[in-house]
Each structure stands twice: as structure tokens, then as C-alpha cells.
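One structure is given below, encoded as C-alpha cells.
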Amino acid sequence: MMYFPNSAEKFRRLLESVRGLNVAVFGHVRPDGDCVSSMFATADTLREAGAKKVVCVDAHPLPRLYKNFAFGEEIVPAKNFDGKNFHTVCVDCSSFSRTGAENFSNLPFLATIDHHVSSGPSGALIDILEPDAAAAAELIAGMHLDSGISISQKNAERLFMGIMMDTRQLTTPSAKYRTWEIASELVKLGADPAKVARELYQRESFAKIKLLASYLKTLTMHFDNRVCIGLLESGVYERTGAEKADSDGLVDYARSIDGVEVAALLEHIPDGVKGSLRAKDPKFRVDEIAAKFGGGGHMAAAGFTAKGMDINTFYPQLLSAIEEHLREIDSAKKK
Ligand code: 5GP
Ligand code: MN
């Protein structure tokens, strides 16, 4: 039985094609745990496959929370990378617009390894897209297992971490039996769930908790308490000392409230508003709402950047997009 029969062959082709090449592995802007683990594990495997030089590149730095999964690997800031004589691979995203490093889109584009339902064809030589995979790390681990390519203990730990972060400890609707199977294979290969959990859930910075407090203070209910929206306003990072990656997961607190069907986090950024959307039931397609504002993601977890907007003018636009979608869902239920 294969986990990813449509992709494992492409993965093997990628590993054959990197021999002797310099490869830059790109992840998406504001890399999360899944993105970081996918970049690092892929980089190791490409080296094993005979790539000459492999570097991980991202527009944003490695978040503090994932430093103990680096095992000596680094993220080269995109602004310091010249790309000369490098081929590119994108993981946990399919386009250079998501990497925030569009200036590298003209390098030979070898492959994408992605699991976002909103991703279209990437234009890479080898397109690996499995929207059913709950995490890019699930896909990457699965393709290794399908192909009999060994996974070191450190990569088992990284990939297990990636799966945990994209599935809220294997409990999102996207986490299927396959996800649990692959996660358990990673445990067999040396990932220690208790250690990973300690790293992820018992090492928060105090600054992040202050950031959470300021988000919680702004939570507001709409539409009979079915929708909950909170804000990260201008200056909040300076005030709390939090890093940008600390916003990851805050929106889950809004979603966690009983009766809330859709949650949002709106963050002031210098050139607009960054939005994070979460649904409880994937029938409420937050990826479709995000797409209305130029973003994308998964059915129950998506995001966007509304350029040139400020939170106050954008807020009612988001509300009416959500309201419209709620109405569609309600009328579909009545039928
Ligand atoms: P978050 O809300 O945590 O930033 O993102 C939720 C999901 O949506 C993640 O899988 C993320 O990669 C994706 N996502 C977030 N922002 C964007 C965006 O602007 N464009 C696209 N295509 N996907 C996004
Ligand atoms: Mn992911």
C-alpha cells in the first residue's frame, strides 16, 4: 500500500534530477512549523540524493519556537541570497509570490511539494500537489516511506513536529487515518511525541502570551455569536516584544469558543491588513473567503493580505463576505 501513489514517482524523479546541482529550498512567508520542518527535511534528502549544495531560503527568519528542530540547519534570509547557479524547490507553497521572494522566480524551477487546495499549477518541472495531505510534512514523510528512502531520527522528529503543527495534534478534519499512520511511522523512526510537545507547547515566550492577551482583549462577536474576530493592532509587536511568528495559532482561541463557526484575526501590517481565517466545519470554505481578498489556503484554515487597506475600512468588507457565505450555507442546509 502506498500513501501517495500519484506523487512518490515524481518525488523519485526529483531526487534523480538534483545530482550535482545547487538547490535552494524555499518556504512560504512567515514560515510555520510545517513549512520549517518540510524545508529542513527536504534539504537533507536532496543532499543525500547527491545535490552539490543545498540551502534553505525564506523571506522571514526561523521562528524561535522551531530553533531546536534546526539541528545545525539554517534559513538564509532571501535578501542575502544571490541565487547564482541555483535551482529552486518550493515546499508548503507552490509559487514565488507565496515565498515573498519573487526575484528568484526566474531561476530554473525544479519542483514544488505542496498540500494547499488553493494552489494551482506552479510552472515547476515537477509539480507535487496533494491537497488531501494534512501537512506538507505528512506528504514528504509519506513519499519517503513509499519510495523506501530512509528518514533519519532528526528528520522523523522534524516531520512529526510539522504534522502536529498543521493538524492541532492530529485533530483537524484534515487529519485522516493516513496522517496518524505516517505520524506513527515517524515515532517508530525515533520522533519522541512528548519531547516534541514540550518544545512546542511548553516553551512559549512571555512576549507571546502578552501578544495573545492583546488579541483576546479585542475579540468581538458577530452574527448571533457565530463569528468571532480579533485584531493585532499597529505597534503591538513593539509593545509586547513578540516576534511576528508569535501570531501563529492566536486565531484558534477565537475559534475555540462554543458556538463560533468562523474565526478571524486581522493584523495591521505596513502595507495593509493580514488576515487569518478559521472554520470549525470545512463546509464553511474559508479558502474561498480568503480568495476574495487575493489569498488562499485550506478549506478550514486560510489567509490573505489585503494590500493598501487599513483595518477599520477592511473590517466591514470581511464581515459582509462572511455574512454572504453564512447565508449560502444556511440556505443549503434548509434544502
Ligand atoms: P495563516 O492564517 O496561519 O497565516 O494561514 C493559514 C493557511 O493559509 C496556511 O496554510 C497558509 O499557508 C495559507 N495562507 C495564509 N496566507 C495566505 C495567502 O496570502 N495566500 C495563500 N495562497 N495562502 C495563504
Ligand atoms: Mn502546511
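Tabulated values for the structure
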read-out: Candidates Thr172, Thr167, Thr179 - the one that is more than 12 Å from Tyr3 (Cβ to Cβ), β-branched (Val, Ile, Thr) and free of Cβ contacts under 8 Å to residues at least 60 places away in the same chain; value: Thr167
read-out: Residue that is farthest from Val29 (Cα to Cα) [pool: residues in the stretch 273-291 that are of a type outside the set (A, V, I, L, M, F, W, C) and touching a Phe, Trp or Tyr at 6+ places or on another chain (Cβ under 8 Å)]; value: Gly275
read-out: Among the residues listed as Leu277, Leu266, the single one being under 19 Å from Thr172 (Cα atoms), within 13 Å of ligand 1 (Cβ to nearest atom), not polar (S, T, N, Q) and not in a loop (DSSP other than H, G, I, E, B); value: Leu277
read-out: Which listed residue, of Glu324, Glu328, is at pLDDT 95 or above and open to solvent by 70 Å² or more (accessible area, probe 1.4 Å); value: Glu324
read-out: Identity of the residue in the stretch 1-40, of a type in the set (A, V, I, L, M) and part of a loop (DSSP other than H, G, I, E, B), that ends up most open to solvent (accessible area, probe 1.4 Å); value: Met1
read-out: Among residues of the stretch 213-233, those that are in contact with a Leu (Cβ under 8 Å, 6 or more places away or on another chain) and within 14 Å of Glu267 (Cβ to Cβ), counted; value: 7
read-out: Contacts under 7 angstrom Cβ, first residue in the stretch 83-110 being farther than 18 Å from Pro31 by Cβ and of a type outside the set (D, E, K, R), partner more than 14 Å from ligand 1 (Cβ to nearest atom) and part of a helix (DSSP H, G or I), 6 or more apart; value: Gly83/Phe104; Leu110/Leu14; Leu110/Ser17
read-out: Residue, surrounded by the fewest Cβ atoms within 10 Å (Cβ to Cβ), within the stretch 176-229, restricted to residues that are assigned to a loop (DSSP other than H, G, I, E, B), within 22 Å of the chain's Cα centre (by Cα) and of a type in the set (Gly, Ala, Ser); value: Ser205
read-out: Extreme residue, surrounded by the most Cβ atoms within 10 Å (Cβ to Cβ), among residues of the stretch 62-92 that are within 16 Å of ligand 1 (Cβ to nearest atom) and closer than 29 Å to Gln202 by Cβ; value: Val91
read-out: Matching residues in the stretch 11-43 - criterion: being more than 15 Å from ligand 2 (Cβ to nearest atom) and in contact with a Phe, Trp or Tyr (Cβ under 9 Å, 6 or more places away or on another chain); value: Phe11, Leu21, Asn22, Val23, Ala24
read-out: Residues that are open to solvent by less than 40 Å² (accessible area, probe 1.4 Å) and either assigned to a loop (DSSP other than H, G, I, E, B) or in contact with a Phe, Trp or Tyr (Cβ under 7 Å, 6 or more places away or on another chain) (or both), drawn from the stretch 232-252; value: Leu232, Gly235, Ala242, Gly249, Leu250
read-out: Qualifying positions in the stretch 253-295 - open to solvent by 20 Å² or more (accessible area, probe 1.4 Å) and within 16 Å of ligand 2 (Cβ to nearest atom); value: Ser276, Arg278, Pro282, Gly295
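The values are calculated or read from the model by the stated rules, or taken from the named source; none is laboratory data. Small disclaimer: the values here were computed from a predicted structure and weren't measured. Please note: Cβ atoms are built from the backbone with ideal geometry, for glycine as well, and neighbour counts cover all protein chains shown. Accessible surface areas use protein heavy atoms only, side chains included; no ligands, DNA or RNA. Shrake-Rupley method; radii C 1.70, N 1.55, O 1.52, S 1.80 Å.
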